[in-house]
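The structure appears right after this line, and notes come after that.
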Amino acid sequence: MDLTAFLDGFALVVEPKNLLYCLVGVLIGMVIGVLPGLGPAATIAILLPITYTIDPVSAIIMLAGIYYGAQYGGTITSVLLRLPGEASSVVTVFDGFALAKQGKAGTALGIAAIGSFVGATISIIGLTLLAPVVAGIALDFGPPEYAALALLGVLLVATIGSGNKLKALIAGAVGLLLATVGRDSFSGASRFTFDSLQLADGIDFVVVAMGLFGVGEILYNLEQRHGKRHVPAKVGNVWPSRKDLKQSSGAIGRGSIIGFVLGVLPGGGAVLSSIVAYAMEKRRSKTPERFGRGAVEGVAAPETANNAAATSSFIPLLTIGLPANATMAMLFGALLILGVSPGPQLVDEHPDVFWGVINSMYIGNLLLLILSIPLVGLFVRILRVRPAILAPITALITILGVYTINNSVFDIFLMVGFGIVGYLMKKAGFDPGPMVLAFVLGSIIESSTRRSLLMFSGDPTGFVTRPISGTILAAFVVLALLPVARSLLKRRRSAAAGVESSAGVAEVDAHRGPGNVGIAGDDGGRDVVVLPPDALDVAGVGQRVRVPEPGAGKHDHHRTE
Amino acid sequence: MAESTHPHARDILAEIEAEVAHELEEERPPVGGRAYQTVGALVGIAIGVGAAVLAYDYGLGSLHKPGPGMWPFIVSVVIAALSAVLLVVGRGLTDSEAFTRSSVLPVVGVVTFVAFAVLLPVTGFEIPALLLSVIWLKLLGGESWRNTIVISVVTVAAFYFLFLYGLRIPLPHLIAF
């Protein structure tokens, strides 16, 4: 690791201007984390036009701050309202809200803030040490490796992320197709432009992102908002007691590691790691029955893990140039706008950006710790702001923002068009995330594939015979076939043993305590009624109660996988 | 013992995931039925087939010398194929949301966006911005008239100074000092 570059990065971060952007970023992040509705990806999408007016390092520092700040903010609503501000804070709801009901909301928030800080800091140290090494290895990558890696990235994001995998893959493929709109860089031929001059140069990433994420989410939220008012629980003392700290120290340590490791995987990220960390603590605990009834570890583990993961998901972006999730795709796009192409050469060519971003996270997390413990009352007050009041403001920021990029009204129409697509996708159960991510990676995949084919003089076996690209493609095939194999196996097993599956049902329910059902798990027979699949099937199809579809019921849960 | 902890561990994870799904489910509107899934898959097939036809016209070329249509053609075929699988497999999915009466709200939202884009070059941004916030606050948000007017005026004024003086971005505007 280049120590002087690392220290220069720090010098850059502590410049008052950059400190200010860092503070603004984490503040925006916390606020949107607290407010249910707009997530970090949507917020960054909406604010992308700003990157045209400020300098690259400051812009990235601010946008990164929004991302990890949102992880802190999401906790507050989970604990106080039983309403997760972010998907990665959903598991925090179980024990966080239980603690709040016992008048220990402050303890939950305090532990979450400390866990978040520790998890993020450990993860940044890992990032600091690991990122230059990974970038060094990736320097040897040629076009075939890039084509294979980017393809693997799209697949991983589609299959590991939440939601139906098939739908995510379709959305990803449509994103790849969208990326081909415009002039073909090899032959100069126009593709999918329909003789429109505005489309000749392709579709601007910012317009796509602002439309699919920004406008799509704004429209979706308009519909969801039928005046359900939530009254936040009282926040008492925010400082956790020594006993609480001692009790959750193990959870914080393990959460940090789980978060760091899963965050590096494309598509893994904050949501998955929070669930895995919670499961880990519950499994290890000598008293698992406390979970869901206000166990501090149940708050500490997922909150630590989601922050650690949010931090380590920067590794693939900064070292290989592959965004690991939708938010990273936003940052990837922002870097491209700024004329910085993320990849292994980033650390050498733009050490200011590379170390500036990483080191800003040390400071940003410290700011968040300071903000979230003493100022928690202030953020609770933000909860009283009605979403209806913020909606026109976000709408105006979006429209004016997209207009200012090229002073083009056409861009507004295009963005609204993508917004409608994003809204309809959400309604039909398609996550727009993989689409935006694939759109970003689309031109890389196409151009590196074609460049590789030129290298191999048209022989596609070249991809397989090169060791690194061959390995990556093998991983691609395995990962693509794994879900198919698993579902076949599951079908065969469930057909073979009906008895076993009914035992499984009883068990699922015995732990289903946290909601409002008793944990006692009195008997297996009654439990089946509470199972989500039944309730959903009834809601979905109305009168028909289909009996022989345990498989379909299982599918209901893949939203969160 | 070690062998028995493994499947059990996975059970806990699956169970928590189910719980999380349930937690998210509670806030969601009614699920759309099979028609939604079918339409979704058919749209996918249409995009795939349509784009494949166009891409074929652009020229596929050969592997030695791929034409401009080669890559989009491959991607389009993948889209169509995956969507066809979805059409068969995905009928029982429950991840869609039904359109309800409140689905009118996003439609109004889109109309105001479009109206804004049409008016912006003609009248400057102040009037459309004011109209948009009044409609969103009063009609879509159900705020009181007093709140609507105060918030709208303050918002537009804030944007005016932020964009024209703070960020020095030239927006078409009516009022000039």
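Throughout, read-outs are computed from the coordinates displayed, never taken from laboratory work. Note that the structure is predicted; figures quoted are calculated from it, not measured. Every residue, glycine among them, receives a Cβ derived from its backbone with ideal geometry; neighbour counts consider all protein chains shown.
Taking R0 as 45 Å, what's the FRET efficiency between B:VAL118 and A:ALA189 from their Cβ-Cβ distance, rounded to 0.05?
The calculated FRET efficiency here is 0.85.
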For chain B, what does the helix formula give at 222 nm: sum of -39500 (n - 2.57) over DSSP H segments with n ≥ 4, over the residue count, nearest 500 deg cm²/dmol? -22000 deg cm²/dmol
Kindly put B:PHE125, B:PHE161, A:PHE413 in sequence by how many other C-beta atoms sit within 10 Å of each C-beta, fewest to most. B:PHE161, A:PHE413, B:PHE125
Could you pull out the pairs from A:LYS167/A:LYS282; A:LYS101/A:LYS286; A:LYS17/B:LYS138; A:LYS234/B:LYS138; A:LYS104/A:LYS286 whose alpha carbons sit more than 27 Å apart here? A:LYS167/A:LYS282; A:LYS17/B:LYS138; A:LYS234/B:LYS138
Quick one: dipole size for the protein assembly as shown, taken about the Cα centre, charges +1 on Lys/Arg Cβ and -1 on Asp/Glu Cβ, in debye to the nearest 20. 1360 debye
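Shape call for segment A:214-348 from the C-alpha gyration tensor, a ≥ b ≥ c root eigenvalues: rounded (a/c under 1.5), prolate (a/b greater than b/c) or oblate?
Numbers: a/c = 2.51, a/b = 1.38, b/c = 1.82.
Oblate shape, in that a/c is at least 1.5 and b/c is the bigger or equal ratio.
If we count other beta carbons within 10 Å of each Cβ, what is the order of A:THR404, A:THR43, A:THR53, fewest first?
In increasing order of surrounding Cβ atoms, one gets A:THR53, A:THR404, A:THR43.
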Can you give the local net charge around A:ALA300? Use residues other than it whose beta-carbon is closer than 14 angstrom to its beta-carbon, Lys and Arg +1, Asp and Glu -1. +2
Phi-based couplings in Hz for segment A:99-114 (Karplus 6.51, -1.76, 1.60; Gly and Pro marked x): 5, 4, 5, 7, x, 10, 4, x, 4, 4, 5, x, 4, 4, 5, 5
Residues of segment A:98-141 with amide N under 16 Å of a point placed 7 Å along Cα→Cβ from A:LEU3: A:129
Rg and Dmax [Cα atoms of the protein assembly as shown; Å; Rg one decimal, Dmax integer]: 25.2, 80
Quick one: which residues, 5+ away or cross-chain, put their amide H under 5 Å from the amide H of B:GLU97? H built at 1.01 Å from N. A:ALA428, A:GLY429, B:GLY32
Hand me the trypsin sites (Lys or Arg not before Pro) from segment A:358-467 located in a DSSP loop with no more than 14 other Cβ atoms within 10 Å, in residue order please. A:ARG384
For the residue pair A:LEU139 and A:GLU349, what label-to-label distance in nm results when each label sits 7 Å from Cα along the Cα-to-beta-carbon direction? 1.4 nm
Could you list log10 I(q)/I(0) for segment A:1-98 at q = 0.10, 0.16, 0.18 Å⁻¹, which the Debye formula gives when each Cα is one point scatterer? -0.33, -0.69, -0.79
So, R0 is 22 Å and r is the distance between the beta-carbons of B:ALA84 and A:LYS490; what FRET efficiency does that work out to, to 0.05? 0.45
Would any residue of segment A:96-117 have its amide N under 20 Å from a label point 7 Å out along Cα→Cβ of A:ILE370? List them or say none. A:110-117
Counted neighbours (other Cβ, 10 Å), sorted fewest up, put B:ILE135, A:ILE170 in the order B:ILE135, A:ILE170
Simple spin-label estimate for A:ALA200 and A:ARG381 in nanometres, 7 Å along Cα-Cβ: 5.5 nm
As an exercise, use a Förster radius of 35 Å and the Cβ-Cβ distance of B:VAL49 and A:LEU481 to find the FRET efficiency, rounded to the nearest 0.05. 0.85
Sort segment A:355-401 into rounded, prolate or oblate with this rule: let a ≥ b ≥ c be the square roots of the eigenvalues of the Cα gyration tensor; rounded if a/c is under 1.5, and if a/c is not under 1.5, prolate when a/b is larger than b/c, oblate otherwise. oblate
Surrounding net charge for A:THR287, when Lys and Arg each add one and Asp and Glu each subtract one, Cβ distance under 14 Å: +2
How many nm separate the modelled label positions at A:ILE125 and B:SER144, each set 7 Å beyond the Cα in the direction of the Cβ? 5.5 nm
